[in-house]
Each structure stands twice: as C-alpha cells, then as structure tokens.
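Just so it is clear, none of the values below were taken in a lab; they were calculated from the coordinates. Everything numeric in this text was worked out from a predicted model, so none of it was measured. Cβ sites come from the backbone with ideal geometry, for glycine too, and all protein chains shown count toward neighbours.
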C-alpha cells in the first residue's frame, strides 16, 4: 500500500510527493514515529543549529501519514524542551 509521510519541523512543512510502499497502515505509522528521533538528531548537528534551538527553548517535529486520496490517518509529534 502506498502511503505518504509529511513532516513539519518548526515552521517548515515538507510534503512527501513520492510516497512509500508499506504492507499496511500500521507499518506506515511505525515508520512515521521512527522518523521523528532521526529528524531531531539531524536538527542538532552543527553549532549554528544547536545554538538556534537553544535560543528558541523548544522545537516541535511532527509527521503525518496520508493515503493516495489525501486522507490523513495518523499524526505523531515530538517536542524538545530546552531549559
């Protein structure tokens, strides 16, 4: 089954135009959840990015799974708080 995983990182929205083949919706949802820590790690690389994140004090990274018709079936969100 073809599903799309769209990502929002802070104020930036990245629409998945290609999609991924999954055996079912559960697998697509698990992939979306697993993606968030990877994106958080990428956001921390480089002194400028880390510095900007520390000044912002929090960061939200989210993913949503949608089907070919555009229906959203699942949403997940990761929040990083820096104090």
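Within 10 Å of each residue's Cβ, count the other Cβ atoms and sort 33, 65 from fewest upward.
Values: 33 13, 65 25.
Neighbour counts put them in this order, fewest first: 33, 65.
With angles folded into 0 to 90 degrees, how steeply does helix 47-56 sit against the dominant principal axis of the chain? Use alpha carbons for both and round to 10.
Helix 47-56 sits at roughly 90 degrees to that axis.
For the chain, take the longest principal axis of its alpha carbons; what is the angle in degrees between that and the long axis of helix 25-44, to the nearest 10 within 0 to 90?
Compared with the principal axis, the helix lies near 20 degrees.
For the pair residue 57 and residue 69, how long in nm is the line joining their label points, each one 7 Å along Cα→Cβ?
My value for the distance between the label points is 4.4 nm.
Please rank 77, 12, fewest neighbouring Cβ atoms within 10 Å first, as an exposure proxy.
12, 77
Determine, at each q value in 0.14 (inverse angstroms), the log₁₀ of I(q)/I(0) that the Debye formula gives when each Cα of segment 2-81 is one equal point scatterer.
These q points yield log10 I(q)/I(0) values of -0.48.
For residue 1 paired with residue 33, estimate the spin-label separation in nm (one decimal), with each label point 7 Å from Cα along the Cα-to-Cβ line.
Output for this residue pair reads 1.6 nm.
At a 10 Å Cβ-Cβ cut-off, how would you order 6, 24, fewest neighbours first? It would help to have the intermediate numbers written out before the result.
Details: 6 17, 24 10.
Listing 6, 24 from fewest to most nearby Cβ atoms yields 24, 6.
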